[in-house]
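Q: Mind looking over this structure? Questions follow.
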Amino acid sequence: MLGLKLPTDPRWVNIVEMNIDEILTDHAYCEQKAASTAISLIVSFPEYSELIEEMIALSREEMGHFKMVHDRIIARGKTLGRDRKDAYVLQLVKFFPKGGSRTTQLVHRLLYAALIEARSCERFRLLSEELEDKELADFYNKLMVSEASHYTMFLKFARQYGDREEVDKKWEDLLNYEARIMKNLSKSESIHG
């Protein structure tokens, strides 16, 4: 369904289980960054009214997810840790060349967002199926459903605003590039890394 070319190694969950506090902090910041991405798209592309409406809703939803994760951190007697650089995203956003028309820039940002959401969805599915903590597994199952709709929404907008054939080619190329990135990741307690 997600089209990912390289699935996450299931042993990644073992790393997560040894570092639940770290994964929760990383996850909280991923939700905050997703809300920031939605707001950035509003600011950068205000002429796309349908996109703006969806991004308003998405930013609210992602901040709601941030609160849900933060609440779990507090319930565990911890505090939100510091944000770390996301090696996955830093490598991913090097794929498309900088510049180009506004439409090209929009399509590229939408494709990046779609792929990040798809990978998040895949990781949440794995957590929902493999975590020994059943309450946390259930939490990730609920988030997985939400992330799947985000991925398809971003991809739909990319295809709507760009040339469908060109967008599909870029999507396929980006998926292949992401698979190469993932070969060197899945070794840390982060949602994408």
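The values are calculated or read from the model by the stated rules, or taken from the named source; none is laboratory data. Only a predicted model underlies this, so the values are computations on that prediction, with no experimental measurement involved. All Cβ positions, glycine included, derive from the backbone under ideal geometry; neighbour counts span all protein chains shown.
Q: Taking the criterion of being within 28 Å of Glu47 (Cα to Cα), crowded, with 19+ Cβ neighbours inside 10 Å and touching a Ser or Thr at 6+ places or on another chain (Cβ under 8 Å), would at least one residue in the range 162-180 satisfy it?
A: Among the residues of the range 162-180, at least one is within 28 Å of Glu47 (Cα to Cα), crowded, with 19+ Cβ neighbours inside 10 Å and touching a Ser or Thr at 6+ places or on another chain (Cβ under 8 Å), which makes the answer yes.
Q: Considering only the range 131-147, state which residues are farther than 14 Å from Glu31 by Cβ, part of a helix (DSSP H, G or I) and either out of contact with any Leu (no Cβ under 6 Å at 6 or more places or on another chain) or among the hydroxyl-bearing types (Ser, Thr, Tyr) (or both).
A: Lys134, Glu135, Leu136, Asp138, Asn141, Val145
Q: Please work out if Asp26 is modelled with pLDDT under 95, under 29 Å from Leu131 (Cβ atoms), surrounded by 12 or more Cβ atoms within 10 Å (Cβ to Cβ) and under 14 Å from the mean Cα position of the chain (by Cα). Spell out how you get there, then give the answer.
A: Working: modelled with pLDDT under 95: yes; under 29 Å from Leu131 (Cβ atoms): yes; surrounded by 12 or more Cβ atoms within 10 Å (Cβ to Cβ): yes; under 14 Å from the mean Cα position of the chain (by Cα): yes.
So Asp26 fits the description; yes.
Q: Now, a different point. Return yes when Ala158 is of a type in the set (Gly, Ala, Ser) and surrounded by fewer than 18 Cβ atoms within 10 Å (Cβ to Cβ) and no when it is not. Show your work before the answer.
A: Working: of a type in the set (Gly, Ala, Ser): yes; surrounded by fewer than 18 Cβ atoms within 10 Å (Cβ to Cβ): no.
No.
Q: Scan the range 57-68 and tell me whether some residue there is aliphatic (A, V, I, L, M), under 23 Å from Gln160 (Cα atoms) and touching a residue at least 40 places away in the same chain (Cβ under 8 Å). If you could, list the steps in order and put the result at the bottom.
A: Of the residues in the range 57-68, the ones aliphatic (A, V, I, L, M) are 57-58, 63, 68.
From what is left, the residues that are under 23 Å from Gln160 (Cα atoms) are 57-58.
Now drop any that are not touching a residue at least 40 places away in the same chain (Cβ under 8 Å), which leaves 58.
Within the range 57-68, one or more residues are aliphatic (A, V, I, L, M), under 23 Å from Gln160 (Cα atoms) and touching a residue at least 40 places away in the same chain (Cβ under 8 Å).
Q: Report the residue count in the range 29-54 for those that are within 18 Å of the chain's Cα centre (by Cα), over 30 Å from Gly77 (Cα atoms) and not aliphatic (A, V, I, L, M).
A: Looking only at that region, the number is 2.
Q: Here's another thing I want to ask about it. Please work out if Ile15 is in a helix (DSSP H, G or I), within 15 Å of the chain's Cα centre (by Cα), closer than 26 Å to Glu129 by Cβ and at pLDDT below 95. Before you say what the answer is, go through the steps one by one.
A: Numbers: in a helix (DSSP H, G or I): yes; within 15 Å of the chain's Cα centre (by Cα): no; closer than 26 Å to Glu129 by Cβ: yes; at pLDDT below 95: yes.
No.
Q: Given the structure, is Val145 within 16 Å of the chain's Cα centre (by Cα), exposed (fewer than 13 other Cβ atoms within 10 Å of the Cβ), farther than 24 Å from Asp21 by Cβ and not polar (S, T, N, Q)? Lay out the reasoning, then the answer.
A: Working: within 16 Å of the chain's Cα centre (by Cα): yes; exposed (fewer than 13 other Cβ atoms within 10 Å of the Cβ): yes; farther than 24 Å from Asp21 by Cβ: yes; not polar (S, T, N, Q): yes.
Answer is yes for this residue.
Q: Would you check which residues across the range 60-114 are hydrophobic (A, V, I, L, M, F, W, C), farther than 19 Å from Tyr151 by Cα and assigned to a loop (DSSP other than H, G, I, E, B) and list them?
A: Result: Leu80, single match.
Q: Okay, moving on. Can you name every residue in the range 88-112 that is within 19 Å of the chain's Cα centre (by Cα) and surrounded by fewer than 16 Cβ atoms within 10 Å (Cβ to Cβ)? Don't jump to the end; show me each part of the working.
A: Within the range 88-112, the first condition is being within 19 Å of the chain's Cα centre (by Cα), and the residues that meet it are 88-96, 105-112.
Matches in the range 88-112: Leu90, Val93, Lys94, Gln105.
So that you can scan it fast, the table gives a plain yes or no per residue for (1) at pLDDT 95 or above; (2) more than 28 Å from Asp173 (Cβ to Cβ):
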site	(1), (2)
Asp9	no, no
Asn19	no, yes
Glu22	no, yes
Ser40	yes, no
Tyr48	yes, no
Arg60	yes, yes
Phe66	yes, yes
His70	yes, yes
Thr79	yes, yes
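Q: All but one of (1) under 18 Å from Gly64 (Cα atoms); (2) assigned to a loop (DSSP other than H, G, I, E, B) hold for Pro10; which doesn't?
A: Result: Pro10 passes all but (1).
Q: For the structure I just gave you, tell me whether Glu129 is under 15 Å from the mean Cα position of the chain (by Cα), of a type in the set (Asp, Glu) and at negative phi. Walk me through how you get there before you give the answer.
A: On the way: under 15 Å from the mean Cα position of the chain (by Cα): no; of a type in the set (Asp, Glu): yes; at negative phi: yes.
So Glu129 does not fit the description; no.
Q: Separate question: Say we look at the range 119-145 and pick out the residues that are touching a residue at least 12 places away in the same chain (Cβ under 8 Å) and basic (Lys, Arg); which of these is farthest from Pro7 (Cα to Cα)?
A: Arg125
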